[in-house]
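> Starting off with a structure, shown below.
The values are calculated or read from the model by the stated rules, or taken from the named source; none is laboratory data. As the structure is a computational prediction, the values presented were derived from the model and not from experiment. In this analysis, Cβ positions are derived from the backbone assuming ideal geometry, glycine residues included, and neighbour counts consider all displayed protein chains. Only protein heavy atoms, including side chains, enter the accessible area calculation; ligands, DNA and RNA are left aside. Shrake-Rupley method; radii C 1.70, N 1.55, O 1.52, S 1.80 Å.
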Amino acid sequence: MTRAVLFDLDDTLFDHHRSARAALADVHAVFASSVAFDDFERHHMQYLEEMHVEVLAGRVRLDDARRERFRRVFAALGLSIDEDTIDAVASAYRDGYTVARRATEGAVELLAEIRRYARVGVVTNNLLEEQQNKLQYCGLASFVDALVASEDVGVSKPDPAIFRIALERLGAPEDAVMVGDSWHADIAGAHAAGIRAVWFNPQRLPRPLPHLEVDEIYALMPAAEVASRILRAADGGELHF
């Protein structure tokens, strides 16, 4: 039997939130300490999502999007800033994010365990090179058989097509499961593609659709226990080691 486990990357295997928050704290301390950090972070999250859509659509380059979102953040908070400072802010954020990159706790060990029994794919709404760098930097790349990035294939989660592309690249396995933190992109998208799903829900949020049959995990460790639950979901409830 060929099995596959698909993972989301950002805020599932890779701790994007931690990296972004660390970088933003550095920027706030130097360039925006006159406003509350919570307000700064809230506006940044809003404009990050808005500009991320533009980047994925190919309408804006990544570096330009980073500068534009900080223009919007500072404007929304009533802070005056010139273009040279915008460049400095964007550069400081990027440097801080790069330094703070970390895999989610337990991710390396979990992939190593799952890779013993199944092929591993990563399905992500982001730029291919950006995600390749994260996997390599965090020591995850050697466990991944296929990386499917929306920029590369021209379609994004929750569109079922991106999940089907991932399964094709993994050799059309008989059984598969998708693991991710986003209910809309990962869980609903997988179900639309006919793939079982496991919701990575470390904040223990309520299910948007309580009737939907989805297993939940709250952490990626201990590896053997979590891998067992994920593989059981891939097999439709039966575990075959």
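> Would you grab the residues whose amide H sits under 5 Å from the one on D215? Only those 5+ places off in sequence or on another chain, please, with H modelled 1.01 Å from N.
Residues meeting the amide H criterion: A197, W199.
> Any idea which of S182, G96, A227 is furthest toward the positive side of the dipole for the chain, if Lys and Arg beta-carbons carry +1 and Asp and Glu beta-carbons -1?
A227
> Calculate for the chain the 222 nm mean residue ellipticity that helices alone would give, adding -39,500 (n - 2.57) per DSSP H run of length 4 or more and normalising by residue count, nearest 500 deg cm²/dmol.
Calculated from helices alone, the mean residue ellipticity at 222 nm is -15000 deg cm²/dmol.
> While we're on this one: Hey, can you find the accessible area per residue of the stretch 173-241 for me, probe 1.4 Å, expressed in square angstrom?
Dividing the accessible area of the stretch 173-241 by its residue count gives 49 Å².
> Another question, then. Return the sequence-ordered ³J(HN,Hα) values of the stretch 91-97 in whole Hz as given by the Karplus equation 6.51 cos²θ - 1.76 cosθ + 1.60 applied to θ = phi - 60°, using x for Gly and Pro.
For the stretch 91-97, the Karplus-derived couplings read 5, 5, 5, 4, 5, x, 5 Hz, x marking Gly and Pro.
> Something else now. Whenever you get a sec, compute what percent of the accessible area on the chain sits on carbon and sulfur atoms (1.4 Å probe).
48 percent
> Hey, another quick one. For the chain, just run the numbers: alpha carbon Rg, then divide by 2.2 N^0.38 Å, N being how many residues it has.
For the chain, the normalised Cα radius of gyration comes out at 1.06.
> Just to confirm the number: angle between the C-alpha axis of helix 160-169 and the first principal axis of the chain, 0 to 90 degrees, nearest 10?
Helix 160-169 sits roughly 60 degrees off the main axis of the chain.
> Right, another one. Work out from phi, with θ = phi - 60° and the Karplus expression 6.51 cos²θ - 1.76 cosθ + 1.60, the ³J(HN,Hα) of each residue of the stretch 203-208, listed in order in whole Hz, and give x for Gly and Pro.
In residue order, the calculated couplings are 8, 6, 6, x, 5, x Hz.
> Can you give me the angle between helix 16-31 and the longest principal axis of the chain, using Cα atoms only, in degrees from 0 to 90, rounded to the nearest 10?
Long axis of 16-31 versus the principal axis of the chain: about 10 degrees.
> From the Cα gyration tensor of the stretch 112-241, with a ≥ b ≥ c the square roots of its eigenvalues, which class applies: rounded if a/c is under 1.5, or else prolate if a/b is larger than b/c, or else oblate?
rounded
> For H44, H191, H16, H211, what's the largest-to-smallest order of accessible area, 1.4 Å probe?
If we order H44, H191, H16, H211 from most to least accessible, we get H211, H191, H16, H44.
> Ok, one more. Could you go through the stretch 194-200 in sequence order and give the Karplus-derived ³J(HN,Hα) for each residue, using 6.51 cos²θ - 1.76 cosθ + 1.60 with θ = phi - 60°, rounded to whole Hz, and x for Gly and Pro?
x, 10, 5, 9, 10, 8, 7
> At 1.4 Å probe size, with no ligands or nucleic acids counted, give the accessible surface of R94 in Å², nearest ten.
Approximately 70 Å² of R94 is accessible to the 1.4 Å probe.
> So how much accessible area does K157 have, in Å² to the nearest 10, using a 1.4 Å probe?
The accessible area comes out at roughly 20 Å².
> Hey, can you grab everything whose amide H is under 5 Å from the amide H of L13? Only 5+ residues off in sequence or another chain; H modelled, so Pro and N-termini drop out.
none
> Ok, one more. So if R0 is 35 Å, what FRET efficiency would H184 and L62 give, r being the distance between their Cβ atoms, rounded to the nearest 0.05?
Approximately 0.90, to the nearest 0.05.
> Report relative contact order for the chain in percent, whole number only (criteria: Cα-Cα under 8 Å, sequence separation at least 6).
Working: 395 pairs, mean separation 60.1, N = 241.
Rounded, it is 25 percent for the chain.
> Given a 1.4 Å probe and heavy atoms of the protein chains only, how would you sort E174, E113, E151, largest accessible area at the top?
The most accessible residue leads, giving E174, E151, E113.
> Is there a quick way to get the dipole size of the stretch 1-132? I mean about its Cα centre, with the Cβ of Lys and Arg at +1 and of Asp and Glu at -1; what is the value in debye to the nearest 20?
Using Cβ point charges on Lys, Arg, Asp and Glu, the stretch 1-132 gives about 520 debye.
> At 1.4 Å probe size, with every protein chain present, just tell me what the per residue accessible area of the stretch 61-158 comes to in Å².
Using a 1.4 Å probe on heavy atoms only, each residue of the stretch 61-158 averages 45 Å².
> Here is a further query. Can you list residues from other chains, or at least 5 along the same chain, whose modelled amide H is less than 5 Å from the amide H of L6?
Close amide H contacts, sequence-distant or interchain: G121, V177, M178, V179.
> Now, a different point. Hey, if we sort Y137, Y218, Y47 by accessible area with the 1.4 Å probe, largest down, what's the order?
Numbers: Y137 120, Y218 85, Y47 35 Å².
Sorted by accessible area, descending: Y137, Y218, Y47.
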